[in-house]
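Okay, so here's the structure we're looking at.
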Amino acid sequence: MSFTTTFRQKLLSYKNSPVSAVLAALVLCCALATFGVLLYLILHIVVQGLPYVKLSTFAWEYTTENASVTPAIINTVVITVLSLLFAAPVGIFSAIYLVEYAGKKSRFIEIIRITTVTLAGIPSIIYGLFGMLFFVISCGFGFSLLSGALTLTIMILPLIIRTTEEALLSVPDSYREGSYGLGAGKLRTIFHIVLPAAVPGILAGIILSIGRIVGETAALVYTAGTVAQLPSSVMGSGRSLAIHMFTLANEGLYMDQAYATAVILLLLVVFINGLSYYLAKKFVRV
């Protein structure tokens, strides 16, 4: 069936329902507007920044001449890995408890869910101030990658809990009942039946968390610092890729390098999303 025939059939189906036709047109316009804005942003960043992505941009050490992004890329990867190592197990196991073990009509569980939603809506700069007061000052970690990762752990934890919870709830109860009928226990059912079926939803939450970590600036300025060098350990201070771009643009002297950093940041996010999508398909296939 050709596109013209399909489009003509859709028009005929809306002929007797003007309201549906108007709503369909609004949805189409909104979708096209969203795609247009996204395409414009990507093209603008690529056109402005791609000519300034040079070999000197990837020098091992940052100087005022090359404005290298290599230390920032490594710092971003380290912070992302640390944050996910802390947040993913806690978030996934918390969601498992809420869905599989806690009572569905428990008032305590409702309070936890409301609190989780509230925490997800707190501005990131509030998390940054809390991280500075608690991890940097009270715990004595100082401005370090560890302080930044722990702060981001608290920030992305509600997102992982909510997405994992929704993924577990989407698994049909017949899966659990069939497993119980074959003699499997609750723990075996969760880890061998329920979790594999919920992997795409769980990975979606992790992908969203990675995107928030990579693009975060406010929370890391107060915890990880803005040092443009590669620290010797996680207890050292260093800037992420987003902070690197923000600092270059804020100084006003490296706007070309800031756009080049934006291109690299965009490619990094696309690579992470593509890798996550590949892993999700592989898990589902297994």
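The values are calculated or read from the model by the stated rules, or taken from the named source; none is laboratory data. Because the structure is a prediction, the values reported are computed rather than measured. Here the Cβ is made from the backbone with ideal geometry for all residues, glycine too, and neighbour counts use every protein chain on show. Side chains included, ligands, DNA and RNA excluded: accessible areas come from the protein's heavy atoms. Shrake-Rupley method; radii C 1.70, N 1.55, O 1.52, S 1.80 Å.
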Sole miss for HIS44 among (1) open to solvent by less than 60 Å² (accessible area, probe 1.4 Å); (2) modelled with pLDDT of 75 or more is condition (1)
Kindly check whether there is at least one residue in the range 235-248 that is open to solvent by 30 Å² or more (accessible area, probe 1.4 Å) and under 30 Å from PRO51 (Cβ atoms).
yes
Residue set LEU279, LEU253, LEU266; condition more than 24 Å from the chain's Cα centre (by Cα) and surrounded by fewer than 20 Cβ atoms within 10 Å (Cβ to Cβ); output residue LEU253
If you go through THR76, THR63, THR34, THR6, the only one that is open to solvent by less than 50 Å² (accessible area, probe 1.4 Å), among the β-branched types (Val, Ile, Thr) and at pLDDT 75 or above is THR76
Does the range 136-145 include one or more residues that are more than 19 Å from SER83 (Cβ to Cβ) and in contact with a Gly (Cβ under 8 Å, 6 or more places away or on another chain)?
no
Of the residues in the range 182-194, those that are open to solvent by 30 Å² or more (accessible area, probe 1.4 Å) and either closer than 24 Å to ALA120 by Cβ or of a type in the set (Phe, Trp, Tyr) (or both) come to PHE191
Of the candidates ILE193, ILE207, ILE243, the one satisfying the condition of being aliphatic (A, V, I, L, M), closer than 23 Å to ILE92 by Cβ and under 21 Å from the mean Cα position of the chain (by Cα) is ILE207
For the range 79-119 the number of residues that are open to solvent by 40 Å² or more (accessible area, probe 1.4 Å), under 30 Å from ILE272 (Cα atoms) and in contact with a Lys or Arg (Cβ under 9 Å, 6 or more places away or on another chain) is 2
Practice problem: Determine if the range 222-233 includes at least one residue that is buried (at least 21 other Cβ atoms within 10 Å of the Cβ) and over 25 Å from PHE134 (Cβ atoms). | Solution: yes
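Can you name every residue in the range 130-159 that is over 28 Å from ALA204 (Cα atoms) and open to solvent by 10 Å² or more (accessible area, probe 1.4 Å)? Give the derivation first.
Applying the first criterion (over 28 Å from ALA204 (Cα atoms)) to the range 130-159 yields 132-144.
MET132, LEU133, PHE134, PHE135, VAL136, ILE137, SER138, CYS139, GLY140, PHE141, GLY142, PHE143, listed by residue number.
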Checked against (1) touching a residue at least 60 places away in the same chain (Cβ under 8 Å); (2) surrounded by 16 or more Cβ atoms within 10 Å (Cβ to Cβ); (3) among the aliphatic types (A, V, I, L, M), LEU169 satisfies every condition except (2)
